[in-house]
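So the structure is just underneath, and the comments pick up after that.
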Amino acid sequence: MSAEIFEKVNKVLKEVELASPKTKEEIEQFRIKYLGSKNTIKPLFGEIRHIANEDKGRFGQLVNSVKKAAEDKFQQLQASLEAAAEQSSSQGIDTSAPGETLALGARHPISVVMNQIIDIFTKIGFTVAEDREIEDDWHNFGAMNTPEDHPARDMQDTFYLQNSAEMLLRTHTSSVQARVMNQTKPPIRIIAPGRVYRNETISARAHCQFHQVEGLYIDENVSFADLKQTLLYFAQEMYGADTKIRLRPSYFPFTEPSAEVDISCFVCNGVGCNICKYTNWVEILGCGMVDPQVLENCGIDSEKYTGFAFGMGIERQAMLKYRINDIRLLFENDIRFLNQFKAAF
Ligand code: PHE
């Protein structure tokens, strides 16, 4: 009789030891079975009355060890369940899920055109010069032969800094030319790309901020023919090998003589269209021979050196190239507009 009961208890002990519940539900089943209020171990204690007196102590220990084994196992199972939950929530990664696609950006058309212009001029030995956008009056106007009472200042409506007659937002990157001439001895061969500001009413054709690339070449014996050839090279690189240029006399305070440069219309090739307004010519830049007074203002000997300069608006080139009919589109950063330039770089 005793032996049978011992065997029964040992069987339960084996069961407990071998049990391997894994899921939360299985572990709960284990708890109910061995530790719940109607668990299967409890009635084993009652069997003690069938055990011979000399075996009662050993039997009691055995049943207790079954209870202890069930308690320990449950604790272990629960701890490992919690650890697993913690790990999966911290990783939370489904390695089989498809990756998120990275949206590919596009360069802004102004950067595209600016880089193109820079490339064209660096190929023939110009280097890029950059400087500040908040300038003093002298570098923007004074050095450029445009003293305070000069009527030419009306050509470039200026944003002055508050309470200052001296500091302004540069109206052209000629200010960079002044800085380079002041700091460097000829030969000088630079282009100055950058943002400029003018107090203009914003419309489809004008904005209060835009970008320019200006160029400056100073050396001994630089002539108007060099200027013309450089601009022809630029126009043909930029707008196609058949492009012609036309120079019209103009006026700038810092160049003498001065000219506006037109290119033959690359849209209609002479047939007439609304880009060239049926003239077959499109204006792209201003230029001229650097006025000797400007050289002297910047500490360069005008007896020894001559030079040419030119300046162009990037927005205008971008608008011509991509047939953009409203300059404001270039500053709104509307993703639907910008996405159209993904193919350009
Ligand atoms: N600085 C002139 C402008 O902003 C452009 C220019 C540069 C003209 C150099 C002639 C020579 O309009």
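The stretch between residue 80 and residue 157, if pulled fully straight at 0.36 nm per residue, gains 20.2 nm over its current Cα-Cα span. Here is the list for the stretch 33-104: GluC sites (Glu not before Pro) lying in DSSP coil, each with at most 11 other C-beta atoms within 10 angstrom of its C-beta, are 100. Taking 7 Å steps out from each Cα toward its Cβ at residue 256 and residue 15 produces label points 11.5 nm apart. In this label model, residue 95 and residue 48 are separated by 5.4 nm, measuring between points 7 Å along each Cα→Cβ vector. Residue 50 contributes about 80 Å² of solvent-accessible surface, heavy atoms of the protein only, 1.4 Å probe. With R₀ fixed at 25 Å, the C-beta to C-beta distance from residue 342 to residue 119 puts the FRET efficiency at about 0.80. 3J(HN,Hα) along the stretch 215-222, derived from phi through the Karplus expression 6.51 cos²θ - 1.76 cosθ + 1.60 where θ = phi - 60°, amounts to x, 9, 9, 10, 6, 6, 6, 6 Hz, with x in place of Gly and Pro. Inter-label distance, residue 38 to residue 56: 3.0 nm, where each label sits 7 Å from its Cα along the C-beta direction. Excluding ligands, DNA and RNA, the accessible surface per residue across the chain is 57 Å² with a 1.4 Å probe. For the chain, the 222 nm mean residue ellipticity estimated from helices alone, with every DSSP H stretch of n ≥ 4 adding -39500 (n - 2.57) and the total spread over all residues, rounds to -12500 deg cm²/dmol. Taking 4.7 Å between beta carbons as the limit, the unpaired Cys residues of the chain are 208, 287, 298. The spacing between the stretch 1-71 and the stretch 124-195, judged by their C-alpha centroids, is 96 Å.
If I take R0 = 51 Å and measure r between the Cβ atoms of residue 225 and residue 277 in this structure, what FRET efficiency does the formula 1/(1 + (r/R0)^6) give, to the nearest 0.05? Could the numbers behind the result be given before it?
On the way: r = 30 Å, r/R0 = 0.59.
Taking R0 as 51 Å, the efficiency between residue 225 and residue 277 is 0.95.
Computed over protein heavy atoms with a 1.4 angstrom probe, the accessible surface ordering of 160, 34, 197, largest first, is 160, 197, 34.
The values are calculated or read from the model by the stated rules, or taken from the named source; none is laboratory data. No experiment lies behind these values; they were computed from the predicted model shown. Here Cβ is always computed from backbone atoms with ideal geometry, including for glycine, and neighbour counts include all displayed protein chains. Heavy atoms of the whole protein, side chains included, go into the accessibility calculation; ligands, DNA and RNA do not. Shrake-Rupley method; radii C 1.70, N 1.55, O 1.52, S 1.80 Å.
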